[in-house]
Amino acid sequence: MIENEASHLDGFAEIAEETAAVPSAVPGEGRNIDAVLRIPITLQVVLGSATMPVANLLKLGRGAVVPLNHRVGEPVDVVVNGRVVARGEVVVVEDDTSRFGVSLTEVLGPNAASER
């Protein structure tokens, strides 16, 4: 694990703490965020996207290369529930070199997160 990753994850922890501080409309609820923190989410890393006519899509075959809108070296978007929550660099996981990971370089606050 890269040393800086822990500091980047602090941004996610701050967002969770802010959410926990929001009072609940139901008396006695809202103080215990443990149930919310156990909800599974799907995290996606977006390398880029492309737009093309259906005719070009139908011509694609094995070995075809689809150019994406992101360039090599640009940060990738980390998306949760359709919102960009962070950006980072694609890395090879140290413990398992057959897997990729993302080293977070920027964690966006709840107001800065844009919809994908």
Working only within the stretch 28-87, note down all residues that are in contact (Cβ under 8 Å) with a residue 40 or more places away in the chain and of a type in the set (A, V, I, L, M). Ile41, Val45, Val46, Leu47, Val85, Ala86
Leading residue by the ranking (modelled with the highest pLDDT) among those in the stretch 102-111 that are part of a loop (DSSP other than H, G, I, E, B) and surrounded by 11 or more Cβ atoms within 10 Å (Cβ to Cβ): Leu108
Val54 vs. criteria exposed (fewer than 12 other Cβ atoms within 10 Å of the Cβ), at pLDDT below 90 and hydrophobic (A, V, I, L, M, F, W, C): no
Exactly one of Glu94, Glu106 is among the charged types (D, E, K, R) and touching a helix residue (DSSP H, G or I) at 6+ places or on another chain (Cβ under 9 Å), and that one is Glu106
Checking the structure you have, find out if any residue of the stretch 78-87 is β-branched (Val, Ile, Thr) and over 21 Å from Ile41 (Cα atoms). no
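For the stretch 31-48, how many residues meet the condition of being under 30 Å from Glu89 (Cβ atoms), of a type outside the set (D, E, K, R) and exposed (fewer than 11 other Cβ atoms within 10 Å of the Cβ)?
Quick first cut of the stretch 31-48, residues under 30 Å from Glu89 (Cβ atoms) only: 36-48.
In the following step, the residues that additionally are of a type outside the set (D, E, K, R) were identified as 36-37, 39-48.
Among the residues that remain, those that are also exposed (fewer than 11 other Cβ atoms within 10 Å of the Cβ) are: 37, 39-42.
Adding up the residues that qualify gives 5.
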Within the stretch 66-94, which residues are over 29 Å from Val54 (Cα atoms), of a type outside the set (A, V, I, L, M, F, W, C) and surrounded by 13 or more Cβ atoms within 10 Å (Cβ to Cβ)? Arg87, Gly88, Glu89
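The values are calculated or read from the model by the stated rules, or taken from the named source; none is laboratory data. Here the structure is a predicted model, which is why all the values come from computation and not from measurement. All Cβ positions, glycine included, derive from the backbone under ideal geometry; neighbour counts span all protein chains shown.
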